[in-house]
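Below is one structure, written out as structure tokens; comments come after it.
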Amino acid sequence: MALRVIQWATGGVGRAAIEGILLHPDLELVGCWVHSDAKNGMDVGEILGTDHLGVVATSSKEEILALDADCVVYSPMIPDRNEVAEILRSGKNVVTPVGWFYPTERDGAPLAAACAEAGTTLHGTGINPGGITELHPLMFSALSSAVTYVRGEEFSDIRTYNAPDVVRHIMMFGGKPEDAMDGPMMGLLSGGFVQSTRMCLDALGFSKDAEIRPRQEVAVATAPIETPIGVIEPGLVAGQRFIWEGFVGEQVVVHIAVNWLMGEENLEPAWTFGPEGERFEVEVKGDPNTFVTIKGWQPDTVEEGLVRNPGVVATAMHCVNSIPYVVAADPGIKTYLDLPLIAGRAHPDLA
Ligand SMILES: NC(=O)c1ccc[n+]([C@@H]2O[C@H](COP(=O)([O-])OP(=O)(O)OC[C@H]3O[C@@H](n4cnc5c(N)ncnc54)[C@H](OP(=O)(O)O)[C@@H]3O)[C@@H](O)[C@H]2O)c1
């Protein structure tokens, strides 16, 4: 019997998750919540641009909560903790890329209570956070003794991120450096990345006194830069780095960072991706050292990324592939430290 799955929101992650659910041998799509009025009442196939699937999207939360389902993939642009609690209380497990990767007991308490009440499970996953910033460093650390340092880092061309309003008004690209430094991004990102840093510190057994210090850096345009959000004029923000470091005393033991650049030309400081290009990196220092470069999660061109971004697909698939393990888990908030190894599934033609 296939597990019955509901997709909550059909943005980049949601649409890729639906495609993944349809290809997964153990899963069946039974419902879909949409935010936009225009999609309300549409067959989900129409939303994907494929044949009809016989599942109709609805913007009624009540309708979705009343459905019989094993799991919800929760991926709205703006998450709502009360909404997640309602879904969990309605008897459905939740997998999501929006948070709860490794919440503190205090932060997780309301949702842990909802899980306990209904016997359901919540799992936060993704790529960044939810993959290269904690799961993958920890996975590779298992091949070393005496670990002194782990790192997970993204190097991406932010021109491929198809959310112009977010890039301009929340990330503050194209704005003044001082506005970007005072903007909401560090706070928004820290919600997830501090959890990643803490998971690395805790799981590796670094000192309980370890301290997490966030840091932000900006690069400005030195000449007009053409971007999907318009031309970025000289002196305005065209590159940003967000860094979270775990310190034992003054020694950095965990380093998590995102490097987002509007291309590689006309930046001051002259940041580039170097000869390796866009990538994700995972590093462990111990005996032996490990250094991993992940390619394939960034699109080959800006245009391709604006249509379907492989990093977004990877995020969605980490959610989808976790469903059978999350449904089988005991009730509560379950992280990678609680769940067994999560694997993908063979292409249907090869199964
Ligand atoms: N952990 C990770 O690695 C990772 C990676 C990527 C994204 N994420 C997170 O995953 C979530 C989904 O990402 P995405 O790229 O799919 O986002 P997106 O394309 O920007 O939007 C997702 C969908 O949210 C719905 N929506 C729009 N306005 C909303 C509002 N005011 N309140 C609630 N929902 C609204 C819309 O659904 P309909 O189109 O169905 O109406 C929209 O298509 C985001 O919260 C993002 O931060 C995490």
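Just so you know, all these numbers are worked out from the coordinates, no wet-lab data involved. All values derive from a computational prediction rather than experimental measurement. Don't worry about glycine lacking a Cβ; one is built from the backbone with ideal geometry, like all the others, and counts go over all protein chains shown.
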- Taking only the range 194-210 into account, find how many residues are farther than 19 Å from Glu283 by Cβ and exposed (fewer than 12 other Cβ atoms within 10 Å of the Cβ). 2
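Tally up the residues in the range 167-215 that are over 30 Å from Ala146 (Cβ atoms), in a loop (DSSP other than H, G, I, E, B) and of a type outside the set (A, V, I, L, M, F, W, C), please.
At the first step, the residues of the range 167-215 found to be over 30 Å from Ala146 (Cβ atoms) are 167-189, 191.
Applying the additional criterion that residues be in a loop (DSSP other than H, G, I, E, B) yields 171-176, 183-184.
Subset that is of a type outside the set (A, V, I, L, M, F, W, C): 174-176, 183-184.
Of the residues in the range 167-215, 5 are over 30 Å from Ala146 (Cβ atoms), in a loop (DSSP other than H, G, I, E, B) and of a type outside the set (A, V, I, L, M, F, W, C).
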- Output the number of residues of the range 307-320 satisfying the condition of being surrounded by 17 or more Cβ atoms within 10 Å (Cβ to Cβ) and either away from the ligand (no atom under 14 Å from the Cβ) or within 18 Å of Glu278 (Cα to Cα) (or both). 7
- Query: What number of residues in the range 110-145 are surrounded by fewer than 20 Cβ atoms within 10 Å (Cβ to Cβ) and on the phi > 0 side of the Ramachandran plot?
  - Reply: 1
- Those residues that are within 15 Å of Val302 (Cα to Cα) and either touching a Phe, Trp or Tyr at 6+ places or on another chain (Cβ under 8 Å) or away from the ligand (no atom under 14 Å from the Cβ) (or both), I need them from the range 162-180; list them, please. Val167
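Say whether the condition of being assigned to a helix (DSSP H, G or I) and within 12 Å of the ligand (Cβ to nearest atom) is met by at least one residue in the range 113-135.
yes
With respect to Phe101, is the statement that it is more than 14 Å from the ligand (Cβ to nearest atom), touching a residue at least 60 places away in the same chain (Cβ under 8 Å), buried (at least 22 other Cβ atoms within 10 Å of the Cβ) and assigned to a loop (DSSP other than H, G, I, E, B) true?
Values: more than 14 Å from the ligand (Cβ to nearest atom): no; touching a residue at least 60 places away in the same chain (Cβ under 8 Å): yes; buried (at least 22 other Cβ atoms within 10 Å of the Cβ): yes; assigned to a loop (DSSP other than H, G, I, E, B): yes.
No; evaluated as a whole, the condition is false for this residue.
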